[in-house]
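Shown next, in structure tokens, is the structure this report addresses.
Values quoted throughout were computed directly from the atomic coordinates according to the rules given, and no laboratory measurement underlies them. Quick caveat, the model's predicted, so the values are computed rather than measured. With ideal geometry, Cβ positions are generated from the backbone for all residues, glycine too; neighbour counts draw on all protein chains shown.
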């Protein structure tokens, strides 16, 4: 059982009975559909954005609050399920285990929460709908990140490596903070600007960690008898590097250049 069952005891049976291999086989057959889903997402948001040019923005504060609270709670439970295993493996085996273990996610509770993490990337596309309907600024980083994360996660799940626990656990943790912040803001509460800055810093650190772990995976595969799916590692390295650059640029444009 995971710490998530302390919050929701009914999850224990669901975690225990989850069929990990079956879910991987299912995703192996269906991951290619992440491309049409991503394409439909892009067509939809830019079509709605175009339609909204001649309309007044919608006041969706109540719905937005419920949306952010729901994603914050989901992310918190996911973090409680994933992070203890992440920390335990790090303390017991070190980083090499996380980069060379070819048995995938070994702890049963993590298997369910990594699958939910993958599926949630479709749900999170709804973030953009609130942006365009409220006529807020839609930047390249936002929709590029949503589309590429969706494709990468769906492609990676059938060959899930233990390193996926790092990506999922860190993402759950940062999303807990991020969506909680958004929830308070949508409630009309004024929060210190330093919190938004901190969230961006945490996102940048996440991208640095992701880039480092992918480089480490490739390096370990060349130095030791370590089975790493090279295409997946290069794919991850590519998108994490672009995220790192884009988030650094976002931080500079919003907090450094704007201040000056």
Quick one: order 190, 219, 13 by neighbouring beta-carbon count within 10 Å, fewest to most. 190, 13, 219
Which of 163, 77 has the fewest Cβ neighbours within 10 Å, and the rest in rising order: 77, 163
Equivalent-ellipsoid semi-axes (√(5λ), Cα gyration tensor) for segment 124-184, whole Å, largest first? 25, 16, 8
Can you sort 205, 11 by how many other beta carbons sit within 10 Å, fewest first? 205, 11
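So, by mean Cβ neighbours within 10 angstrom, what's the order for 24-33, 111-120, 60-69 with the highest one leading?
Ranked from most to least packed, the peptides come out as 111-120, 60-69, 24-33.
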Taking Cα pairs closer than 8 Å and at least 6 residues apart, the relative contact order of segment 4-191 in percent is 41
Can you give me the Rg/Rh ratio for segment 170-223, using Cα atoms for both radii and the Kirkwood formula for Rh? 1.22
Taking 130-136, 49-55 and ranking on average Cβ neighbours within 10 Å, highest first, one gets 130-136, 49-55
Cα-only radius of gyration and Dmax that characterise segment 4-191, units Å: 18.1, 59
